[in-house]
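The values are calculated or read from the model by the stated rules, or taken from the named source; none is laboratory data. Please read all numbers here as calculations on a predicted model, not as lab measurements. Cβ placement follows ideal geometry from the backbone for every residue including glycine, while neighbour counts extend to all protein chains displayed. Ligands, DNA and RNA are excluded from the accessible area calculation, which covers all protein heavy atoms including side chains. Shrake-Rupley method; radii C 1.70, N 1.55, O 1.52, S 1.80 Å.
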Amino acid sequence: MAALLKVEQDLISSQLSSPLERLGWSEFFADQVQPSEADLI
């Protein structure tokens, strides 16, 4: 069972392209960034 969960987690992680996406970043959050804020760290 644990091995299956690990395989599922690896599959999900491999489908997400960036570290931010793995942390939950999505278009929902990107839409909240104003053009003047895009270069902020």
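Summary of values
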{"quantity": "Helices (runs of 4 or more DSSP H) contained entirely in the chain, each with at least 1 residues that are modelled with pLDDT of 80 or more", "calculated": "19-22, 27-30"}
{"quantity": "Inter-residue pairs, beta-carbon under 8 Å, first open to solvent by less than 100 Å² (accessible area, probe 1.4 Å) and in region 16-41, second of a type in the set (A, V, I, L, M, F, W, C), 6+ apart", "calculated": "Ser18/Trp25"}
